[in-house]
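One structure is given here, and the rest of the page talks about it.
The values are calculated or read from the model by the stated rules, or taken from the named source; none is laboratory data. These figures come from a predicted structure and were not determined experimentally. Glycine gets a Cβ as well: all are built from the backbone with ideal geometry, and neighbour counts include every protein chain shown. For accessibility, only protein heavy atoms count, side chains too; no ligands or nucleic acids. Shrake-Rupley method; radii C 1.70, N 1.55, O 1.52, S 1.80 Å.
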Amino acid sequence: MTNTSPLSSRRILIMATDGFEQSELEVPLERLREAGADVDIASIEMAEITGWNKDDWGDDVEVDLKIADANVDDYDALVLPGGQINPDLLRVEKDAIALIQAFAAAGKPVAAICHAPWLLIEAGLAKGKRMTSYKSIRTDVANAGANVVDEAVVIDGNIITSRCPDDLPAFCDAIVEALAENRALAG
């Protein structure tokens, strides 16, 4: 019997640290696994990371590997949850930025939601791209040279961006579709 899951045999990396927006990690994790993908979580250290749930600390999530140990060749896509704290901490981590750049250079989908486009800015990926983000960082995204729009999900090449938790259904659909399309092109 053939596996008909749209993302069977696909591997996806979610990169996050303490202060990730709870829903922006958990919803893609669940949705991508439901679609058949194997999903790992990478962080700065091998320890549980704690989410931010609306206005207070949220749940802990188990980390599968350190960002420094992640290899772009082992994965088909990179997902970057937002929250204010998480991307602010990650954008000063050399290994995190190098990993984002490696995914982009390999032409693999890089999906960033909410405040996570800060990471795309730091990685030098915003200039000339059509992007969206959480409203409070749109000026940052525009100042980095992106064409900023106010839409639930924006796809420009291999870069996928969304605004906020309300956009998670469209964000997850875009990731699934990008990976399914890559499979069709490769197959």
Subset of region 34-46 (residues that are under 13 Å from Met15 (Cα atoms) and open to solvent by 10 Å² or more (accessible area, probe 1.4 Å)): Asp40, Ile44, Glu45, Met46
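The rows are residues; the columns are (1) of a type in the set (A, V, I, L, M); (2) out of contact with any strand residue (DSSP E or B) (no Cβ under 9 Å at 6 or more places or on another chain).
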{"position": "Asp88", "(1), (2)": "no, yes"}
{"position": "Asp95", "(1), (2)": "no, no"}
{"position": "Ile100", "(1), (2)": "yes, no"}
{"position": "Pro109", "(1), (2)": "no, no"}
{"position": "Lys127", "(1), (2)": "no, yes"}
{"position": "Asp156", "(1), (2)": "no, no"}
{"position": "Ile175", "(1), (2)": "yes, no"}
For Asn53, all conditions in the list (1) touching a residue at least 40 places away in the same chain (Cβ under 8 Å); (2) open to solvent by 50 Å² or more (accessible area, probe 1.4 Å) hold save one; what is the number of the exception? (1)
Pairs under 6 Å by beta carbon, first residue assigned to a strand (DSSP E or B) in region 140-167, partner open to solvent by 40 Å² or more (accessible area, probe 1.4 Å) and among the small types (Gly, Ala, Ser), six or more apart or different chains? Val148/Ala142
How many residues, within region 136-162, are of a type in the set (Gly, Ala, Ser), at negative phi, surrounded by fewer than 21 Cβ atoms within 10 Å (Cβ to Cβ) and under 16 Å from the mean Cα position of the chain (by Cα)? 1
As an exercise: evaluate Ala112 against (1) more than 24 Å from Thr17 (Cβ to Cβ); (2) open to solvent by less than 10 Å² (accessible area, probe 1.4 Å); (3) in contact with a helix residue (DSSP H, G or I) (Cβ under 6 Å, 6 or more places away or on another chain) and give the number of the one condition it does not meet. (1)
Failed item, numbered, when Arg31 is tested on (1) touching a strand residue (DSSP E or B) at 6+ places or on another chain (Cβ under 7 Å); (2) surrounded by fewer than 20 Cβ atoms within 10 Å (Cβ to Cβ); (3) touching a residue at least 60 places away in the same chain (Cβ under 8 Å): (1)
Look at region 61-75 and say how many of its residues are more than 16 Å from Arg10 (Cα to Cα) and in a loop (DSSP other than H, G, I, E, B). 3
Any residue at all in region 125-135 that is open to solvent by 30 Å² or more (accessible area, probe 1.4 Å), among the polar types (S, T, N, Q) and modelled with pLDDT of 95 or more? no
Which numbered condition Ala68 fails, given (1) loosely packed, with under 15 Cβ neighbours inside 10 Å; (2) under 30 Å from Pro6 (Cβ atoms): (2)
Cβ pairs under 6 Å, 6+ apart, first in region 102-131 and over 16 Å from Gly157 (Cα atoms) and among the small types (Gly, Ala, Ser), second open to solvent by less than 20 Å² (accessible area, probe 1.4 Å) and assigned to a loop (DSSP other than H, G, I, E, B): Ala116/Gly82
Residue set Leu78, Leu119; condition part of a strand (DSSP E or B), in contact with a helix residue (DSSP H, G or I) (Cβ under 8 Å, 6 or more places away or on another chain) and among the hydrophobic types (A, V, I, L, M, F, W, C); output residue Leu78
Quick one: count up the residues across region 73-104 that are among the β-branched types (Val, Ile, Thr) and either open to solvent by 20 Å² or more (accessible area, probe 1.4 Å) or more than 17 Å from Ile160 (Cβ to Cβ) (or both). 3
